[in-house]
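Below you'll find the structure, written out as C-alpha cells, and then a few comments.
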Amino acid sequence: MKRKYLYLVVSLVLIGGIFWYMVPKNTAEGAPVEVIEEVKVTAGDVLIDFIADGNVRILSKDQFFNTSGVLEALYFDVGDVVAKGDLLAKLSTDDLALKIKQTEIAINTEIERQKESITNHTYDIQMQEAIIESLTKELQREMSLLETMATYPSIYTPNEHNDQLYKKEQLEATLDSEKNELQKLKNESQALNNLLIDDKKVILELLKLDLEKAYLYADTDGVIGTIHGVVNTSIGTTNAFLTILDQEQPMILSMVSELDIGQVTLGQKVLVELESDYGMTYEGRVSWISMTPTIDNNGIVSYEVEIILEKYPDTIRSGLSALLHIVLKERLDVLVIPNSAVKIVNNQQVVEVKVSDQIQERIVVTGLTDGVNVEVIQGLEEGETLIVRSLK
C-alpha cells in the first residue's frame, strides 16, 4: 500500500513538471528592453572614405667624397639639420700636401725648361735679325750700283748689267727667306710663352680641385640620416659617405587595390594616422598615381599612390607605418547627429527633441551620412537634446 502511494506521488510530480514546461509562460525574461539615451546636436565633420595602408618615405640624397683618404674631421652627427653649402667632413690633406709639393717642383722645373727654350729662341731671333740687317744693307748697296749702271749705260756692258740685276734678285729672295725664318722663330717664341702661362693655369686649377676634393659640402638642405665612417678611418669614393634626408617633403607611399584605384584622383584629400603618433591625424594630398600595376604572387593587382603631407611631426621617420583615410566625400563643420536618432514617419525624417522635459517630434532634413552619423541640414540647432531609442 505504501509502495502504491509512493508511485502515485512520483507520477503526479512528473505530470506537473511536464505541464509546467509545456504551458506558455507570461514573463519578460529574455524579451528585448527599450533603452533611451539622450544625445546632443553637435558640430562636426561627416566624411565617406576608404582605408588603405602605407609607409612613410623621405627622399634622401647621398653625399660622396670625390677623392679617397683618411677622415680627419666630421662636423655633424646623425639627426643634425644641415643647409646647402655646409662643410660636412674633411679628409686629411697630408698626402695632398706632398702631391702639391711634388707638383710645384715639377712646375718649376718645367718653367725653367721653357725659360731656357725661350732664351734660346730669343738668341736665335737676335741672330736672325742681324742676318736680315746685313742682307738689307748689302741689297741696298747692290741696288745703288744697279741704279748707277742704269744712269751710265755706256760705262757698263750689258753682261755686267745683267749680272748685277741677277745678284740683286738673289739677294731679295734670300732676304725674304730669312724674314720668313724670323717670323717663324717669333711665332714659336710666342707659343712657348703662351704654353708656359696656360700650363701654369691648368696645374694651379688641378691643385685647387685636389684641395677641394678633401672637403665634403652639403649639396642640399635636410637632416643627416646615416654616416658611413668614423674619424681616422679610410674613406673611399665608391660608396656614399653620408645621406641627407629631405625632411621638408616627407610622403606616404600606399598600394591601392584595383577595386579602389578608380576613386583616387590627383589632389585628393587624405587623412593620415601614423602608428608612431597614436591619436593624431595629419592631412595630405595625392600627388602621384602610378599607371603601372603591381601584381603580387597571389595575383592581386594594386597601384602605387604617393601622398604629400601638409603637416607632420618632428619625429617622422622613413618607413613608419600609416593608416590612410582616402576621402571620397565630406562635410566639414556641420550639425551632426547619430543615424539612430532619425526615424521615418509618413515618409518624412523625424527626430524626438527634448524641450523643457517634454518630448517633441520634429521634422528634419539630413544630408551626407557615413553610416554612423548624419549631417543635419535643417530642423535642429547645435546644443539641442535628442532622444534616441533602441532595443537591447
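The values are calculated or read from the model by the stated rules, or taken from the named source; none is laboratory data. The structure presented is a predicted model; accordingly, all values stated were derived computationally and were not measured. Quick reminder, even Gly has a Cβ in these numbers, built from the backbone with ideal geometry, and neighbours come from all protein chains shown.
For region 274-284, state whether one or more residues are surrounded by fewer than 16 Cβ atoms within 10 Å (Cβ to Cβ), within 27 Å of I224 (Cα to Cα), under 23 Å from the mean Cα position of the chain (by Cα) and assigned by TED's automatic domain parsing to the domain that holds V374. Spell out how you get there, then give the answer.
Filtering region 274-284 down to residues surrounded by fewer than 16 Cβ atoms within 10 Å (Cβ to Cβ) leaves 275-276, 278-281, 283.
Still in the list and also within 27 Å of I224 (Cα to Cα): 275-276, 278, 280-281, 283.
With under 23 Å from the mean Cα position of the chain (by Cα) added as a condition, the list becomes 283.
Still in the running and assigned by TED's automatic domain parsing to the domain that holds V374: 283.
Checked region 274-284: at least one residue is surrounded by fewer than 16 Cβ atoms within 10 Å (Cβ to Cβ), within 27 Å of I224 (Cα to Cα), under 23 Å from the mean Cα position of the chain (by Cα) and assigned by TED's automatic domain parsing to the domain that holds V374.
Residue by residue, here is whether (1) in contact with an Asp or Glu (Cβ under 7 Å, 6 or more places away or on another chain); (2) not in a strand (DSSP E or B) holds:
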residue: R317; (1), (2): no, yes
residue: R331; (1), (2): yes, no
residue: L335; (1), (2): yes, no
residue: I344; (1), (2): no, no
residue: K354; (1), (2): yes, no
residue: R362; (1), (2): no, no
residue: E381; (1), (2): no, yes
residue: R389; (1), (2): yes, no
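Out of curiosity, is G367 touching a residue at least 60 places away in the same chain (Cβ under 8 Å) and in contact with a strand residue (DSSP E or B) (Cβ under 9 Å, 6 or more places away or on another chain)? Quick ask: steps written out before the conclusion?
Numbers: touching a residue at least 60 places away in the same chain (Cβ under 8 Å): yes; in contact with a strand residue (DSSP E or B) (Cβ under 9 Å, 6 or more places away or on another chain): yes.
Spelling it out, G367 is indeed touching a residue at least 60 places away in the same chain (Cβ under 8 Å) and in contact with a strand residue (DSSP E or B) (Cβ under 9 Å, 6 or more places away or on another chain).
Condition test on I344, is it among the hydrophobic types (A, V, I, L, M, F, W, C) and either touching a Phe, Trp or Tyr at 6+ places or on another chain (Cβ under 6 Å) or over 30 Å from V39 (Cα atoms) (or both)?
Spelling it out, it is not the case that I344 is among the hydrophobic types (A, V, I, L, M, F, W, C) and either touching a Phe, Trp or Tyr at 6+ places or on another chain (Cβ under 6 Å) or over 30 Å from V39 (Cα atoms) (or both).
Taking only region 126-166 into account, find how many residues are within 30 Å of N187 (Cβ to Cβ) and hydrophobic (A, V, I, L, M, F, W, C).
Count: 7.
For region 351-387, give me each residue that is surrounded by fewer than 18 Cβ atoms within 10 Å (Cβ to Cβ), within 29 Å of V327 (Cα to Cα) and hydrophobic (A, V, I, L, M, F, W, C).
Hits for region 351-387 are V365, L368, V372, I377.
Of all the residues that make up region 87-133, how many are buried (at least 16 other Cβ atoms within 10 Å of the Cβ) and either touching a His at 6+ places or on another chain (Cβ under 8 Å) or closer than 30 Å to E248 by Cα (or both)?
The total comes to 4.
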